[in-house]
Amino acid sequence: MPEQFLLPDLGEGLTEAEVTNWLVQPGETVAIDQPVVEVESAKSIVELPCPFAGTVGELCAHVGDVVHAGQPLLRMAEHEVIEDAEAPASSGAVLVGYGVSEPAPVRQRTRGARFGRGRATASAPAAVAPGAAAASTLIDPTRRSRVVSPIVRRIAQEAGFDAAHLVGSGPDGLVVKSDVEAAIAAMKPQQQASAPASASAQSQGDPDVRIPITGIREIIGTRLTRSRQTIPEATIWLDVDATPLIEAKKRLEVATGDHYSLTAVLARFTVAALKKFPALNSSVDEDAHVIVQHSAINLGIAAQTPRGLLVPVVHGAHELSTAELRDRVAELTEHAKKGDFPPAQLTGSTFTLDNYGGFGIDGGAPIINPPEVAILGVGRLVDRPWVVDGELAVRKVMTLTLVFDHRVCDGDVASGFLTRVAACIEEPLLAL
């Protein structure tokens, strides 16, 4: 019986994923640990590596299909297992149920593999012809084709059209990524040729864009709606002189030769305050009607990504040194640029830090990320008049905002936490 690559356990209770893009086609030879499919779970978009080598015999799911853990993604061709003296006997990728060995170098994919190499010739017309005629033929506002991938919708939206207005070359007319790319390529000559024509079309009024609430947007909406409906939250805030923090950060960087982001330093102060006020490092078990105070501090860092707002987690932040915490935060920042966090990195947070000051915002009232019971918001640094030793001076000031669940604590604990973070900002060398 031919080998089957089953959808592995993606961790943290994730039991299903949507196929968003195939990276191989039947008849192609794959190596151990070569990425073969891109899937989207409720937490992230990941490329899955094949745990064995051979020739692809059959793809067991179409783009847009939802596959459950344990169901086959692809089957290898019977009697076509590839013998490779240099290849390891088992997968080097961390896939639950397939084992782990020393990582094998991933073989280079042939040109065009990223968007489905070896695709059937039926999809070829979608990739043709740049020109105004081609663009008008491809994009029809009256057309409502099936679109399931959030990536496909986002790429089309950023290009200024609705992916559903295209003819899909995927199964049952499904619009896939290559269809959107072909439409974008066809639009470019038209856009360059006539700017006045665009202005005329705009004056007549473009049709409304209807964007389905699916994927990460649906998850965000569901979680935050639940937060507003079930948590009796209270909000407090405090203006803090952050001038000493900026000076200490510069001295620290000169002394160590390393860069420390403001978020990393604030994360350090947040962990210190949570150790002193552990009630805020809790969750509420509504079924058992108890408050669960967590021994570990798993610090969530709110991050804006191309996929939307995500909260990657620094697990065990209470055990990390200042430098280790800095490195972990820097790693999250790099992943945030693409939103390609591993599923396990998006679960298990016990408290969230939201540094929205990077967007030029002075303050706000962030929504608690359930099942957590509190969230700390940090505003931008602003030059403000401030009294120092009885004299007026211009200082770097930021606003700290704490939103907390009133079922877990009262204002004394919340105020103590917030003033503790403020004290760390005003006396950063002692805190560090």
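Less than 5 angstrom separates the built amide H of Arg146 from those of Val175, all sequence-distant by 5 or more or on a different chain.
Descending by average beta-carbon neighbour count within 10 Å, the peptides 224-235, 53-64, 390-401 line up as 53-64, 390-401, 224-235, the highest first.
With Cα atoms defining each centre, segment 314-328 and segment 367-432 are spaced 21 Å apart in the structure. Scalar couplings 3J(HN,Hα) for segment 399-415, obtained by applying the Karplus form with A = 6.51, B = -1.76, C = 1.60 to θ = phi - 60°, are 9, 9, 10, 10, 10, 9, 8, 6, 6, 8, 7, 10, x, 5, 5, 4, 5 Hz; x denotes Gly and Pro.
With kT/(6 pi eta Rh) evaluated at 20 °C and eta = 1.002 mPa s, and Rh the Kirkwood radius from Cα pairs, segment 232-283 diffuses with a coefficient of 162 µm²/s according to Stokes-Einstein. Segment Asp239..Arg226, full-extension length gain: 1.7 nm, with 0.36 nm per residue of separation and the alpha-carbon distance subtracted. A Cβ-based charge dipole, computed about the Cα centre of segment 319-358 with Lys and Arg at +1 and Asp and Glu at -1, lands at about 120 debye.
Note on segment 216-431: Rg/Rh from Cα positions, Kirkwood definition for Rh, rounded to two decimals, is 0.96.
Between Val388 and Asp258, full extension at 0.36 nm per residue minus the direct alpha carbon distance yields a gain of 43.7 nm. Rounded to the nearest Hz, the phi-derived 3J(HN,Hα) couplings of segment 311-318 under the Karplus curve 6.51 cos²θ - 1.76 cosθ + 1.60 (θ = phi - 60°) are 10, x, 10, 9, 6, x, 4, 5, where x marks glycine and proline. Among the lysines, select those whose C-alpha is under 25 Å from the C-alpha of Lys250, and discard any that sit fewer than 8 residues away in the same chain. Candidates past the 8-residue exclusion: Lys396. Mean separation of Cα pairs under 8 Å and 6 or more residues apart, divided by the residue count, gives segment 226-375 a relative contact order of 26 percent.
Along segment 161-171 the Karplus relation, 6.51 cos²θ - 1.76 cosθ + 1.60 evaluated at θ = phi - 60°, assigns HN-Hα couplings of 9, 9, 4, 5, 7, 9, 7, x, 9, x, x Hz to successive residues, with x for each Gly and Pro. Segment Arg217..Gln304, full-extension length gain: 30.1 nm, with 0.36 nm per residue of separation and the alpha-carbon distance subtracted. Within segment 357-432, none of the chymotrypsin sites (Phe, Trp or Tyr not before Pro) combine a DSSP coil assignment with at most 15 other C-beta atoms in a 10 angstrom radius.
Read-outs: derived from the displayed coordinates by stated rules, not from any lab. This is a predicted model, so every value here is computed, not measured. Positions of Cβ are generated from backbone atoms using ideal geometry, with glycine treated the same way; all protein chains shown enter the neighbour counts.
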